[in-house]
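Presented below is the structure to which this report refers.
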Amino acid sequence: MPQFPEAQFLVSAWQARQFPADDGREVAFVGRSNAGKSSALNSITGRRDLARTSKTPGRTQLINFFALKSGGRLVDLPGYGYAKVPAEMQRHWQKLLSSYVEARQSLSGLVIVVDARRGLTDFDQQMLAWVQNSEITTRLLLTKSDKLNRSESLKVLREVQSAAEGIASAQLFSAVTKTGVDEARGWVLASLEGKTSLEGKT
C-alpha cells in the first residue's frame, strides 16, 4: 500500500492574495457539496481529521492548503452547487474557485469528487469542460460507491468514463469500505511527482 507523506494544515484562503507561493506541485480536490470530498481527502492521506467533514453541505467555505513533508501541497476547494448557501456567498465561492483553477501554475492534478449515486451533475460537467482546455491531469472519484450494488456501480462507472473520455480518468471509491483508496492514493502521489500522463488525462 503506497504511504502518504505527513501532511499538516498550511493556510486557509478567503481571497486569492492569501494563497501560498505558486511554486512546486499541488493536487486539488473539488466537487459538489456533500459529495464526500473531505472524507475522500482524509482516506487518501490516511488521516481521520485532516479535512473537516460534516453532514451539512457547504461546510468548506475557504480554500484550505495542506503542506506535505515531501514538499508538495494538497488543496481542499469549497464545495459547489449547494443552493441553500446565500447568493452572495455562492458568487464569492465561484470567483474564488475560478481565480484558483484558472491561474494556479502549481496545480498538477485535480480530483473531481462525484457522488456515485447521482452521477455527473451540471456542475461536474462544467468542471470537465474547463479541464478539457487545460493541461491538468484529472481524476473523477465516484464516492459512496458502497451505497450501490456491484452492477449499479459498474454501470455508473462506465457512463462516467464514456462522458469523460479523453478528458479525465475515473474510478469507484468508498471512504467506508476503502474501495479504491489505494488506487486514488497512488494517482495523487504520482501527480505530485509529475508522473501522471496528460494523454487521456489519466
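The values are calculated or read from the model by the stated rules, or taken from the named source; none is laboratory data. Small disclaimer: the values here were computed from a predicted structure and weren't measured. Reconstructed Cβ throughout: ideal geometry from the backbone, glycine too, with neighbour counts over all protein chains shown. The accessibility values were calculated without ligands, DNA or RNA, using every heavy atom of the protein model including side chains. Shrake-Rupley method; radii C 1.70, N 1.55, O 1.52, S 1.80 Å.
Could you go through the range 90-102 and let me know if any residue there is of a type in the set (Ser, Thr, Tyr), at pLDDT 85 or above, within 21 Å of MET127 (Cβ to Cβ) and within 13 Å of the chain's Cα centre (by Cα).
Going through the range 90-102, the residues of a type in the set (Ser, Thr, Tyr) turn out to be 98-100.
Cutting the leftovers down to at pLDDT 85 or above gives us 100.
Filter again for within 21 Å of MET127 (Cβ to Cβ), leaving 100.
Then keep just the ones that are within 13 Å of the chain's Cα centre (by Cα); that gives none.
No, the range 90-102 contains no residue that is of a type in the set (Ser, Thr, Tyr), at pLDDT 85 or above, within 21 Å of MET127 (Cβ to Cβ) and within 13 Å of the chain's Cα centre (by Cα).
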Scan (1) touching a Gly at 6+ places or on another chain (Cβ under 9 Å); (2) more than 23 Å from TYR80 (Cα to Cα); (3) not in a helix (DSSP H, G or I) for the single condition THR138 breaks and write down its number. (2)
In the range 156-178, residue farthest from the chain's Cα centre (by Cα) [restricted to those that are open to solvent by 60 Å² or more (accessible area, probe 1.4 Å) and within 20 Å of LEU41 (Cβ to Cβ)]: THR177
Conditions (1) surrounded by 13 or more Cβ atoms within 10 Å (Cβ to Cβ); (2) touching a Gly at 6+ places or on another chain (Cβ under 7 Å); (3) not hydrophobic (A, V, I, L, M, F, W, C); number of the one not met by SER153: (2)
Name the residue, out of ARG104, ARG118, that is open to solvent by 10 Å² or more (accessible area, probe 1.4 Å), assigned to a loop (DSSP other than H, G, I, E, B) and closer than 23 Å to ARG185 by Cβ. ARG104
Residues in the range 131-142: is at least one within 26 Å of GLN18 (Cα to Cα), small (Gly, Ala, Ser) and surrounded by 14 or more Cβ atoms within 10 Å (Cβ to Cβ)? yes
Could you grab the pairs with beta carbons closer than 7 Å, sequence gap of 6+ or different chains, first residue in the range 148-162 and farther than 16 Å from THR121 by Cβ, second one charged (D, E, K, R) and surrounded by 11 or more Cβ atoms within 10 Å (Cβ to Cβ)? LEU148/ARG117
Could you tell me whether any residue of the range 125-136 is under 17 Å from SER43 (Cα atoms), in contact (Cβ under 8 Å) with a residue 40 or more places away in the chain and under 17 Å from the mean Cα position of the chain (by Cα)? no
Kindly list, by first and then second residue, each pair from a residue in the range 169-184 that is touching a residue at least 24 places away in the same chain (Cβ under 8 Å) and at positive phi to a residue that is among the aromatic types (Phe, Trp, Tyr) and crowded, with 18+ Cβ neighbours inside 10 Å, limited to pairs with Cβ atoms under 6 Å and residues at least 6 apart or on different chains. GLY180/PHE173
When the range 1-23 is examined, which residues are found to be assigned to a loop (DSSP other than H, G, I, E, B) and either surrounded by 16 or more Cβ atoms within 10 Å (Cβ to Cβ) or of a type in the set (S, T, N, Q) (or both)? GLN3, PHE4, GLN15, PHE19
Quick one: in the range 68-89, which of the residues that are charged (D, E, K, R) and buried (at least 16 other Cβ atoms within 10 Å of the Cβ) is modelled with the highest pLDDT? ARG73
